[in-house]
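Visitor: To start, I am sharing the structure in question, which I have written as structure tokens.
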Protein chains: 2
Amino acid sequence: MPESKSKLFNDQGELVVPKAVVGRLSLYLREVQHLIRDGKETTNSTELGKLLGVTDAQVRKDLAYFGQFGHPGVGYRCQELVAAIKSIMGTNTIWNVALVGIGNLGRALLRYKGFHEQGFQIVAAFDVDDNVIGTKVEGVDVFHIRDLASMVTAQSIRLVAISVPSHAAQAVVDQVVEVGIEGILNFAPVTISVPSKVRVIGVDLAMELEQLAFTVVNRDSKS
Amino acid sequence: MPESKSKLFNDQGELVVPKAVVGRLSLYLREVQHLIRDGKETTNSTELGKLLGVTDAQVRKDLAYFGQFGHPGVGYRCQELVAAIKSIMGTNTIWNVALVGIGNLGRALLRYKGFHEQGFQIVAAFDVDDNVIGTKVEGVDVFHIRDLASMVTAQSIRLVAISVPSHAAQAVVDQVVEVGIEGILNFAPVTISVPSKVRVIGVDLAMELEQLAFTVVNRDSKS
């Protein structure tokens, strides 16, 4: 347990940071990255709170889980805060990611530029369809799923994105867990079960449409 | 301006609810839907705050933008709160959505079950490729983009999901805006410009991987 992150864990060694706080870390990161792009060198909890729609006290409470980042009379130094959050998020290094499922969504994910920009590199793809195995899709080699174990070792892959049909998701998850994958990004719209040591994030695209519906229904009354 | 939502707008008729508060509305909705599935009839700001990782004061402040939902000595009634949030989000009715761009991501979105479950129905798809125009993909008719205006009127379409290549995104957005579309869900990883009356949400899939990286890096120290 790293001493500098002592507030992340309780005495039983369990992570105590609420999920929503971790969610806001990504948002803080994007906002501070934008501030830097706009030429700003420092920021503070009031500004970040406004950008995220939380109180300045909530900003300080959120960041306090991870350490002391403010400077008296200065606030937060943007570059320093970005480096700190990236270090906390674990995205200050490149992550090698595998993709399982070369259907439409899989191909779309292989083409997606945003992953690489934030430090994620899809280094191998897997399927069970002989028509795609042995080919390259978007520059990434496609292997049979039975080669997962050797590729995971060879390429130091720790995360897997799963874009297989719902009915195949759990079987793929079981294989992925078996070879020691630590985190799964699940695009199949089903709940999957994993051992407690494996982390799963399910992507809910409907939530984005909900947000859009809200902004359309509640547009400025003058427009 | 609806009187019951007076706190949503300032005297100039501008929406004053922070974006993050709207983001949390979707999360409150999902959590209360889960509570109902688990057989719970009531909840309160402490419970919701714990589920979302914010203070109970923040929960009350968030919901207060939209009205008074609590009952003294009871808290929130789950069914009532779900109905209220859906009404606020505008998802208490079905939205007809168009999709532009029948590439891999477009096909994946047409197949995505989650949209329909939350009240969104993709009723028409558009492309410029003669090979797909006139066909059905996942049961949805594909039209030439020049038929956008007539379909939008015929089907009362207000939202559009855009899954075209980045270089084509702005041109498509301009066409979509021209025919009166009110909200755009943009999957192209580029910033697009629209008139102020049109709402845009960009989907950042990298943020999900970031969250996964965090949970892997900061796993319980006992595991």
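The values are calculated or read from the model by the stated rules, or taken from the named source; none is laboratory data. These numbers come from a predicted model, not from an experiment. Here the Cβ positions follow ideal geometry from the backbone for every residue, glycine too, while neighbour counts run over all protein chains shown. All accessible areas refer to the heavy atoms of the entire protein, side chains included, with ligands and DNA or RNA removed. Shrake-Rupley method; radii C 1.70, N 1.55, O 1.52, S 1.80 Å.
Visitor: Which Cα, out of B:G134, B:A169, A:N104, lies furthest along the positive dipole direction of the protein assembly as shown (beta carbon charges, K/R +1, D/E -1)?
Guide: B:A169
Visitor: Provide the solvent-accessible area of B:S156, counting protein heavy atoms only and rolling a 1.4 Å probe, rounded to the nearest 10 Å².
Guide: The accessible area of B:S156 comes to roughly 80 Å².
Visitor: Using helices alone, what [θ] at 222 nm do you get for chain A, with -39,500 (n - 2.57) per DSSP H run of 4 or more residues, divided over all residues and rounded to the nearest 500?
Guide: That calculation yields -12500 deg cm²/dmol at 222 nm.
Visitor: Further question: Taking a label point 7 Å from Cα toward Cβ, how far is A:T42 from its twins in the other copies, in nm, shortest first?
Guide: 4.9
Visitor: Which of the listed residues, A:L148, A:L205, A:A84, is farthest toward the dipole's positive end in chain A, when Lys, Arg count +1 and Asp, Glu count -1 at the beta-carbon?
Guide: Positive-end residue among those listed: A:A84.
Visitor: Can you work out the FRET efficiency for the pair B:S166 and B:V74, with r the C-beta to C-beta distance and R0 = 60 Å, to the nearest 0.05?
Guide: 0.75
Visitor: Going through the DSSP H helices of chain B, which span 27 Å or more along their own axis at the Cα atoms while scoring at least -1.0 as a mean Kyte-Doolittle hydropathy?
Guide: Once both thresholds are applied, what remains is B:19-37.
Visitor: Using the heavy atoms of the protein chains alone and a 1.4 angstrom probe, what is the accessible area of the protein assembly as shown per residue in square angstrom?
Guide: On the way: 20680 Å² over 446 residues.
The answer is 46 Å² per residue.
Visitor: Is there a quick way to get the dipole size of chain A? I mean about its Cα centre, with the Cβ of Lys and Arg at +1 and of Asp and Glu at -1; what is the value in debye to the nearest 20?
Guide: 580 debye
Visitor: What is the magnitude of the charge dipole of region A:100-196 about its Cα centre, with +1 placed on the Cβ of each Lys and Arg, -1 on the Cβ of each Asp and Glu, and no other charges, expressed in debye to the nearest 20? Could you put the intermediate results ahead of the total?
Guide: Working: 6 positive and 10 negative charges, 51 e Å.
Taking the Cα centre of region A:100-196 as origin, the dipole is about 240 debye.
Visitor: With the contact rule set at Cα under 8 Å and sequence spacing of 6 or more, what percent relative contact order holds for chain A?
Guide: Worked out over chain A, it gives 13 percent.
Visitor: At A:S193, label 7 Å along Cα→Cβ: distances to the other copies, nm, ascending?
Guide: Those label-point separations list as 5.4 nm.
Visitor: Oh, and also: Over the Cα atoms of chain A, Rg to Rh with Kirkwood Rh, two decimal places? Mind showing how you got there, number by number?
Guide: Numbers: Rg = 20.2 Å, Rh = 19.9 Å.
My calculation of the ratio gives 1.02.
Visitor: Then there's this: Using alpha carbons only, what's the Rg to Rh ratio of the protein assembly as shown with Rh from Kirkwood?
Guide: 0.96
Visitor: What three numbers, in Å, describe the spread of the alpha carbons of region A:95-207 along their principal axes, ordered from the longest?
Guide: Extents along the principal axes, in whole Å: 32, 31, 28.
Visitor: On the rotation axis linking copies A and B, which residue of A comes nearest by its Cβ, and by how many whole Å?
Guide: A:N104, 2
Visitor: Hey, another quick one. Could you sort out which of A:K61/A:K86; A:K61/A:K113; B:K40/B:K113; A:K40/A:K86 sit more than 30 Å apart by Cα distance in this structure?
Guide: Working: A:K61/A:K86 18 Å; A:K61/A:K113 33 Å; B:K40/B:K113 26 Å; A:K40/A:K86 18 Å.
Result: A:K61/A:K113 exceed 30 Å.
Visitor: If B:K40, A:K19, B:K113 are ordered by their accessible area, calculated over protein heavy atoms with a 1.4 Å probe, which sequence runs from highest to lowest?
Guide: Details: B:K40 85, A:K19 170, B:K113 120 Å².
So, going from the largest accessible area down, we get A:K19, B:K113, B:K40.
Visitor: Another question about this same structure. State the percentage of accessible surface on region A:1-138 attributable to carbon and sulfur atoms; use a 1.4 Å probe and exclude ligands, DNA and RNA.
Guide: The value for region A:1-138 is 49 percent carbon and sulfur by accessible area.
Visitor: Let me ask you something else. Along Cα-to-Cβ, 7 Å out, sits the label point; list in nm, shortest first, how far the one on B:N92 is from those in the other copies.
Guide: 4.9
Visitor: I need the fraction of alpha carbon pairs in region A:8-82 separated by more than 19 Å, rounded to a whole percent.
Guide: Details: 902 of 2775 pairs.
Cα-Cα pairs of region A:8-82 separated by over 19 Å account for 33 percent.
Visitor: State to the nearest 20 debye the size of the charge dipole of the protein assembly as shown about its Cα centre, where the only charges are +1 on K and R beta carbons and -1 on D and E beta carbons.
Guide: Dipole about the Cα centre, nearest 20: 840 debye.
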